[in-house]
Structures are given as C-alpha cells and as structure tokens.
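Chemist: Starting off with a structure, shown below.
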Amino acid sequence: MGTVTMSQIAPMNIHYVLYPLDYFLDKLVSLELQAVELWGGSPHVPIEDLKLSDVSRLRRGIEARGLTIACFTPETCVYPINIAAEDETLRRRSIAYALKSLDIASELGTGLMQIVAGRGYYDKPTDDAWKRSRDAIELIARKAETLGIHLTMEPLLYHESNLVHNLQTAKRMMQEIGSPHLGCNVDTVPMVVAGDSLAAYFSELAGRVNHIHLCDGSPQGHVPLGSGNLPIASFLEELGERGYQGYIGLETCGVKHYLEPDRHLEQSIGTIRQALGLQGPEGRKV
C-alpha cells in the first residue's frame, strides 16, 4: 500500500515538437517536476543522426536542470521503423535503430528504454511476423542486458500492432523471450480499448510492469488528462494501492495540442495534483 508521488510523474516531450527541447525542459522545471520521459524523435532527439557527443551534451542539459531521465522512448510508430517487417531491408534498419537507441539510452544514463513489437501485414496470418518480432526483441534484449538497461514493451492499439496489442499477447511475447530485462509498459488507452485493466496486468505479469503511460481518451485519443473520460484518479489510486514505485509517463500525442503545449501540460499536471489531493506546483497538501 502507498501513494503515488509527483516525483514519479515524467511528462514526455512528444507534444512539444514545434518548440525547442530546452523550452520543454524549462517548463518541467517551472512546474517543479523531477523526471522526464525522453521521446527520441526529430527535432529533439533524431536518433539516426545523433553522435554520442550530442547525447552527452543533451544529458548534461537535462541533469543541470535537476531532472532525471525516467525512460528513453524512441519513436517507432510514425517513422518507417518496424522490427517485424517482412521487407528485410526495413527490418534490418529497424533493428539497427533499436540497437543504436540502446547506446543512446546508456549514454543518457537511464536504465529503461521502451520498445514495441511492430506489426505484420493485416491480410496475412501473424505467425511469421510474430517470429520476426520475437527474434528481434531477443536480440535487442541481449544487448540491453550487457548495458544494464531494462526494456519496457508497450502493447499498442490494434491498428498500430497486430502482434502485441493487449495483455495476453504481451504476456505471450514476454514468456517466449524469457529475458529478465524485458518488462511491460502499460498505456492506459490501449489497456481500456482492449478490455484489460491495471489489476489484470499486475496480477498476470507479477512484478514485470516496469513503466506506465497515464493517458486519457474517449477511450482512444491520448489527449491531455482531464479531456477524455478515462478514470485518471482511479488509476492513480490503484497504482498507489499496489505499491507501484516506477515512473508514470505522460504521453499526449494529438496534433491539435501541439500549438499550446504549455496549457495542455499544465492541465494534465493539475489533473494529477487534484487526484492526489495536492495544490500548486510545489505540491502542498490542500
């Protein structure tokens, strides 16, 4: 039993793509937050173009603000990245992208990196695509083990992945791979859409849930917290009751929110603070 704290809240920079990364980081400081989930995508962290010296400068800038990198999350949904691709050139490129992402995560000093399973063609049985995905994740997990980094695999919405898109497919993939460095990231939007629950994830994966994406929707959307109809306060209460001590990423990915990212981030943080019985950026008790 316990209570979620604001130190666990780690907003992602994905909805600040029209602004410099420094602008986003300074906003976190102004809200007196302590952690960031660093999204790896252009223009902030263009993985394929980065040199490790660039990553070192990025890390120094984050640490100078007193922020911790909760998780490194390479962009894998809207880029031409798919570790289960039937096209071997695309698949090799995708695996190389994931392996370089691990090097970046290591240089950033974070112990957690997100991956997704990719997808096969939707007009074909998934058996071959599943094997391609499993083999790729096994390879990525072996490198993660050598670097001391844990992976957090996120079940996606079905239209994003026909391989890992709910609790049962996530459980199957984790069991087949069997790596102690592979855990599960529970995103509340795909969770609700699939008819799953936090209780089921924590029960069936028993200690393997190592990250959370606290997201709102109707039930889809990934909108700022408080803009959808998902029970955000209940999710936070349950995470506290289960003694969850990992980070809780905030993933807002609706393009309509990009022009005013500050307002929407403030709304999400305000929704969390209200749910936790806190007020103000400093988190005083009401």
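The values are calculated or read from the model by the stated rules, or taken from the named source; none is laboratory data. Small disclaimer: the values here were computed from a predicted structure and weren't measured. Positions of Cβ are backbone-derived with ideal geometry, glycine not excepted, and every protein chain shown enters the neighbour counts. These area figures cover heavy atoms from the full protein model, side chains too; ligands, DNA and RNA do not enter into them. Shrake-Rupley method; radii C 1.70, N 1.55, O 1.52, S 1.80 Å.
Chemist: Are there any pairs with C-beta distances below 6 angstrom linking a residue in segment 16-43 that is at positive phi to a residue that is surrounded by fewer than 19 Cβ atoms within 10 Å (Cβ to Cβ) and part of a loop (DSSP other than H, G, I, E, B), with the two at least 6 apart or on different chains, and if so which?
Modeler: Cβ pairs passing all conditions: GLU32/PRO281; GLU32/GLU282.
Chemist: State all residues of segment 33-55 that are farther than 25 Å from SER7 by Cβ and either assigned to a helix (DSSP H, G or I) or open to solvent by less than 10 Å² (accessible area, probe 1.4 Å) (or both); if no residue qualifies, say none. Please lay out each step first, then the result.
Modeler: Restricting attention to segment 33-55, the residues satisfying the condition of being farther than 25 Å from SER7 by Cβ are 41-43, 46-54.
Result: GLY41, ILE47, GLU48, ASP49, LEU52, SER53, ASP54.
Chemist: Then there's this: Could you give every pair whose Cβ atoms fall below 6 Å, whose first residue belongs to segment 228-239 and is open to solvent by 50 Å² or more (accessible area, probe 1.4 Å), and whose second residue is in a helix (DSSP H, G or I), counting only separations of at least 6 or pairs across chains?
Modeler: Between residues of segment 228-239 that are open to solvent by 50 Å² or more (accessible area, probe 1.4 Å) and residues that are in a helix (DSSP H, G or I), the close pairs are ALA233/ALA275.
Chemist: Sort out which residues of segment 22-32 are out of contact with any Phe, Trp or Tyr (no Cβ under 7 Å at 6 or more places or on another chain) and either open to solvent by less than 10 Å² (accessible area, probe 1.4 Å) or part of a strand (DSSP E or B) (or both), and write them in order of number.
Modeler: LEU25, LEU28 - these are the residues of segment 22-32 that are out of contact with any Phe, Trp or Tyr (no Cβ under 7 Å at 6 or more places or on another chain) and either open to solvent by less than 10 Å² (accessible area, probe 1.4 Å) or part of a strand (DSSP E or B) (or both).
Chemist: Test THR5 against the stated conditions and say whether it is within 28 Å of TYR244 (Cα to Cα), touching a Phe, Trp or Tyr at 6+ places or on another chain (Cβ under 9 Å) and open to solvent by less than 70 Å² (accessible area, probe 1.4 Å). Step through it out loud before you land on a result.
Modeler: Numbers: within 28 Å of TYR244 (Cα to Cα): yes; touching a Phe, Trp or Tyr at 6+ places or on another chain (Cβ under 9 Å): no; open to solvent by less than 70 Å² (accessible area, probe 1.4 Å): yes.
No.
Chemist: From the residues in segment 176-216 that are over 28 Å from ARG142 (Cα atoms) and not in a helix (DSSP H, G or I), which one is farthest from the chain's Cα centre (by Cα)?
Modeler: Step by step, filter segment 176-216, then rank; the result is GLY195.
Chemist: What residue, among those in segment 240-281 that are in a loop (DSSP other than H, G, I, E, B) and open to solvent by 40 Å² or more (accessible area, probe 1.4 Å), is farthest from ASP26 (Cα to Cα)? Spell out the reasoning first.
Modeler: At the first step, the residues of segment 240-281 found to be in a loop (DSSP other than H, G, I, E, B) are 242-247, 251-254, 258-260, 276-277, 280-281.
Next cut, open to solvent by 40 Å² or more (accessible area, probe 1.4 Å) only: 242, 245, 247, 253, 259-260, 281.
Numbers: ARG242: 32, GLN245: 25, TYR247: 20, CYS253: 20, LEU259: 17, GLU260: 15, PRO281: 14 Å.
The qualifying residue farthest from ASP26 (Cα to Cα) is ARG242.
Chemist: Another question, if that's okay. Regarding SER203, is this residue hydroxyl-bearing (Ser, Thr, Tyr), open to solvent by 60 Å² or more (accessible area, probe 1.4 Å) and at pLDDT 95 or above?
Modeler: Numbers: hydroxyl-bearing (Ser, Thr, Tyr): yes; open to solvent by 60 Å² or more (accessible area, probe 1.4 Å): yes; at pLDDT 95 or above: yes.
The answer is yes for SER203.
Chemist: If you don't mind, there's one more thing I want to ask. Pick from segment 56-79 the residues that are of a type in the set (S, T, N, Q) and within 19 Å of the chain's Cα centre (by Cα): which of them is surrounded by the fewest Cβ atoms within 10 Å (Cβ to Cβ)?
Modeler: Looking at residues that are of a type in the set (S, T, N, Q) and within 19 Å of the chain's Cα centre (by Cα), I get THR68.
Chemist: Looking at THR152, THR146, THR169 in this structure, which one is surrounded by 18 or more Cβ atoms within 10 Å (Cβ to Cβ), under 23 Å from ILE104 (Cα atoms), of a type in the set (Ser, Thr, Tyr) and at pLDDT 95 or above?
Modeler: Details: THR146 fails: surrounded by 18 or more Cβ atoms within 10 Å (Cβ to Cβ); THR169 fails: under 23 Å from ILE104 (Cα atoms).
Exactly one of THR152, THR146, THR169 is surrounded by 18 or more Cβ atoms within 10 Å (Cβ to Cβ), under 23 Å from ILE104 (Cα atoms), of a type in the set (Ser, Thr, Tyr) and at pLDDT 95 or above, namely THR152.
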